Ligand code: C2O
Ligand code: CU
């Protein structure tokens, strides 16, 4: 990772060229990217057109055949306004059906993008207009809710701009993190799933370890002295917290995932050809982080720059200073970075427990192109913010007298690869029923050795622990052998998926429907 020239900034390349397409589409620059925005002469009034289709993407020195939106990777960043109508036309150029799920958005159920549950699938060659009003501002995420399509190139960020911006910053950049296998070495997500279903999870295959990795793992089980992640008080972290989870995964004492990926990407760029973020000294930079991976939890940090977390899953929290942020699949975080040390720095998303990373470069203007970030970037004694450190800013009241619903997360040992929620594996699973307005408390117990990023559609929940004023979230990591209590008001009628955002777990049954009466 010493390739000097390759650290040059290439922010606009593929996107500018490829994001046009449908007639009536023009280009405007938003946040530094060229984006196809419909100019208003289309009869359906769409703000954007997304065209999922087969594409060839460059991943550094490699080329991969995949499926992507509008030929780019990630998809063009979409911008909506809080409380205003937002329309996206999808033109399906894939050889199979698709949909788009607007992850984290509390929209009306028919627009939630889950074929078989909220809409008919968008067939190959057909169109569909998503039309909704996003009630909340923040950093969101979109992807298909069909098969393993998410683990191809079909994902992007949706930014909902607030009616009034309360945060102050000089610049922003969205960084979408992803684990990549599609089209490399003859692999595809469908083949990967078929393999898991046939052979089941195997030690070694589980976290992509070879025999020496296994030996290291055996050792790590005995010692606990190599812990490097601390809580915000610089203390050894408590069980169930994110710094503790990071240590467990890094030491091999818990399983990081089921799939080994040849590449990890930030905004479609592998470490050998990193995405560049430019700042000027004295500026405050807002980074919008999205974990779009299918099987990878990332620990995100920037060399020599602490981060201030200002939002989790798009929703504002009291600012907390940290060294690093852990993000499960489907989670987002907004962090502020104060640019005060001119130079070039590595921006790292370490794939926890997988001995791999995604990288970008933070470069101050006036820094010569030739200056390359120092190679040593593994931070010792990293402070990691945990869920319990985050206080919600909306002033929402803690939930009183909720109805408890137990949801155990487990593996079904009678099948090689089947994951269950409450003892059932989707689609052979009953809906969880609630009345409109009902206050629910999901008691989620993880009985497995793997973390599960649990996601609920169409709602926010918050941790019931502490004083009940924690961050409002839609996705949360439940650590191995730990349980969490998630409080939620069932105020959005319809049929909403509740699932693990590990795509392979979701495909193998770890999903239920939450059915809320009208
Ligand atoms: Cu990104 Cu069902 O979710
Ligand atoms: Cu899972």
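Considering (1) closer than 28 Å to residue 428 by Cβ; (2) in contact with a helix residue (DSSP H, G or I) (Cβ under 8 Å, 6 or more places away or on another chain); (3) buried (at least 24 other Cβ atoms within 10 Å of the Cβ), the lone condition that residue 118 does not fulfil carries the number (3). Checking the structure you have, find out if any residue of the stretch 428-449 is within 16 Å of ligand 1 (Cβ to nearest atom) and over 24 Å from residue 399 (Cα atoms). Yes: one or more hits.
Restricted to the stretch 398-444, and to residues there that are more than 13 Å from ligand 2 (Cβ to nearest atom) and under 23 Å from residue 242 (Cα atoms), the residue that is modelled with the lowest pLDDT is 398. Across the stretch 128-153, the qualifying residues are those that are more than 22 Å from residue 109 (Cβ to Cβ) and touching a strand residue (DSSP E or B) at 6+ places or on another chain (Cβ under 6 Å), and the one among them that is nearest to ligand 2 (Cβ to nearest atom) is 152.
Kindly evaluate residue 73 against the criterion of being over 25 Å from residue 117 (Cα atoms), buried (at least 17 other Cβ atoms within 10 Å of the Cβ) and modelled with pLDDT of 95 or more. Considered against the rule, which asks whether it is over 25 Å from residue 117 (Cα atoms), buried (at least 17 other Cβ atoms within 10 Å of the Cβ) and modelled with pLDDT of 95 or more, residue 73 comes out as yes.
Selection over the stretch 354-369 of residues that are within 10 Å of residue 280 (Cα to Cα) and either in contact with a helix residue (DSSP H, G or I) (Cβ under 8 Å, 6 or more places away or on another chain) or free of Cβ contacts under 8 Å to residues at least 12 places away in the same chain (or both) gives a count of 1. Given the options 148, 139, name the one that is modelled with pLDDT of 95 or more, within 14 Å of ligand 1 (Cβ to nearest atom), surrounded by fewer than 22 Cβ atoms within 10 Å (Cβ to Cβ) and within 30 Å of residue 272 (Cα to Cα). On inspection, the qualifying residue turns out to be 148. Filtered by the rule that a residue be in contact with a strand residue (DSSP E or B) (Cβ under 9 Å, 6 or more places away or on another chain), part of a loop (DSSP other than H, G, I, E, B) and within 16 Å of ligand 1 (Cβ to nearest atom), the stretch 78-107 gives 99, 100, 104, 105, 107.
Selection of the stretch 425-443 for residues being farther than 30 Å from residue 232 by Cβ and surrounded by fewer than 17 Cβ atoms within 10 Å (Cβ to Cβ) yields 427, 428, 430, 431, 433, 435, 436, 437, 438, 439. Name the single residue that is surrounded by the most Cβ atoms within 10 Å (Cβ to Cβ) among those in the stretch 151-195 being under 19 Å from residue 81 (Cβ atoms) and without any contact (Cβ under 8 Å) to a residue 12 or more places away in the chain. My answer is 165. If you go through the stretch 244-256 and keep only what is at pLDDT 95 or above and more than 16 Å from residue 349 (Cα to Cα), you end up with 244, 248. For the stretch 460-518, filtered to residues that are assigned to a loop (DSSP other than H, G, I, E, B) and within 18 Å of residue 101 (Cα to Cα), the residue that is nearest to ligand 1 (Cβ to nearest atom) is 501.
The values are calculated or read from the model by the stated rules, or taken from the named source; none is laboratory data. Note that the coordinates shown come from a computational prediction; the quantities given were computed from them, not determined experimentally. Reconstructed Cβ throughout: ideal geometry from the backbone, glycine too, with neighbour counts over all protein chains shown.
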